[in-house]
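Following: one structure in structure tokens, then a few remarks.
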Amino acid sequence: MKRIALLILESWRRFCNRLLWLVAISAAGVNGASSWNGEGGEGVISTQESAASASRGDQGNSWFVAGFVGPQWNRFPSGFVPASGAPVHSEADFTTILSPTGGYYWYDPRRTGHFSFTLELTGAYNVQGISTQIGGGGGADAVSSGFTVLFGTVGYRMGAWEPILGFGAGAGFLTSESRSEASSVAIVPVLLVDVGMRYHIDARWSLRFESFFGWTGSVSYSYPSGEIVAGHMLSNNVVVGLGYAFGP
């Protein structure tokens with residue numbers, strides 16, 4: 001009889017403990033301060049603070065590097081020869097552009113939602129053939145160009161995909177060789193507009209598909225035999241790149 005009474009008391013104690021537990025869980029859920037986690041078969045109350053800590057893994061702030069390659073097309077729609085006033089028009093052949101990039105990537109969904117931001121220092125280099133029409137004559141030149149641009153993008157994260165829009169400004173360094181005469185280095189301002197897409201392979205690696213449109217200030221080439229003002233250069237390219245994030 002005594003044993004039966006002890007079993008009844010023990011069962012009642014367990015029932016009361018479970019009831020109190022359920023009341024505590026219900027109150028926590030109503031207040032929005034806690035949540036139920038049944039991992040491992042054990043009930044655990046998780047506070048808002050711990051949930052917020054867990055969500056910090058969604059942030060993507062990090063330094064990164066990237067490299068790009070793709071075709072480029074440059075042209076000088078108008079220009080002139082100062083000594084004679086003869087018009088100058090140049091059309092560049094397609095060439096390959098190489099572009100190393102480094103910068104910082106901001107992504108914090110708690111503060112900016114789906115939007116991300118980058119600040120990048122990007123460079124570009126190519127060597128190309130260019131057909132130049134000077135007055136009634138013509139010639140084939142070789143032009144080498146390099147650009148250094150401080151660049152920023154705004155992205156919109158949609159899972160692994162992220163469309164981007166970017167703007168940048170910097171300096172271009174151009175030299176030309178015409179009829180075996182090399183020109184001095186022309187240093188010009190550069191503006192860039194970029195439209196593209198990032199694809200995040202994982203937390204570290206990403207692919208970037210981008211199209212740039214660039215504009216330079218007026219380019220003046222000084223040759224030993226004279227000077228040519230090639231005008232404002234317009235540049236288009238389509239590049240693919242691979243990026244690596246170092247983490248916060």
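The values are calculated or read from the model by the stated rules, or taken from the named source; none is laboratory data. Quantities reported herein were computed from a predicted structural model and do not represent experimental measurements. Reconstructed Cβ throughout: ideal geometry from the backbone, glycine too, with neighbour counts over all protein chains shown.
Tell me, yes or no, whether the range 210-217 has at least one residue that is at pLDDT 85 or above, more than 19 Å from VAL143 (Cβ to Cβ) and touching a Leu at 6+ places or on another chain (Cβ under 8 Å).
no
Taking the criterion of being in contact with a His (Cβ under 9 Å, 6 or more places away or on another chain), modelled with pLDDT of 90 or more and surrounded by 15 or more Cβ atoms within 10 Å (Cβ to Cβ), would at least one residue in the range 53-71 satisfy it? It would help to see each step written out before you state the result.
Looking only at the range 53-71, we keep the residues that are in contact with a His (Cβ under 9 Å, 6 or more places away or on another chain), and these are 60.
Filter once more, keeping what is modelled with pLDDT of 90 or more: none.
No, every residue in the range 53-71 fails to be in contact with a His (Cβ under 9 Å, 6 or more places away or on another chain), modelled with pLDDT of 90 or more and surrounded by 15 or more Cβ atoms within 10 Å (Cβ to Cβ).
Taking the options PHE94, PHE115, name whichever one is over 30 Å from TYR223 (Cβ atoms) and either free of Cβ contacts under 8 Å to residues at least 24 places away in the same chain or surrounded by fewer than 19 Cβ atoms within 10 Å (Cβ to Cβ) (or both).
PHE115
If LEU234 passes every condition in (1) over 28 Å from the mean Cα position of the chain (by Cα); (2) part of a strand (DSSP E or B) but one, which one does it miss?
It fails just one condition, (1).
Within the range 88-123, restricting attention to residues that are among the aliphatic types (A, V, I, L, M) and modelled with pLDDT of 85 or more, which residue is nearest to the chain's Cα centre (by Cα)?
LEU119
Could you grab me the full set of residues in the range 163-191 that are farther than 21 Å from LEU234 by Cβ and at pLDDT 95 or above?
The answer is PRO163, ILE164.
Every residue in the range 188-206 that is surrounded by 14 or more Cβ atoms within 10 Å (Cβ to Cβ) and within 30 Å of VAL229 (Cβ to Cβ), please.
VAL188, VAL190, LEU191, LEU192, ASP194
Tell me which of these ASP194 doesn't satisfy, since it passes every other one: (1) under 18 Å from VAL238 (Cβ atoms); (2) of a type in the set (D, E, K, R); (3) more than 11 Å from the chain's Cα centre (by Cα).
(3)
Residues SER183, SER211, SER220: which one is of a type in the set (Gly, Ala, Ser) and crowded, with 20+ Cβ neighbours inside 10 Å?
Details: SER211 fails: crowded, with 20+ Cβ neighbours inside 10 Å; SER220 fails: crowded, with 20+ Cβ neighbours inside 10 Å.
One residue alone meets the criteria, SER183.
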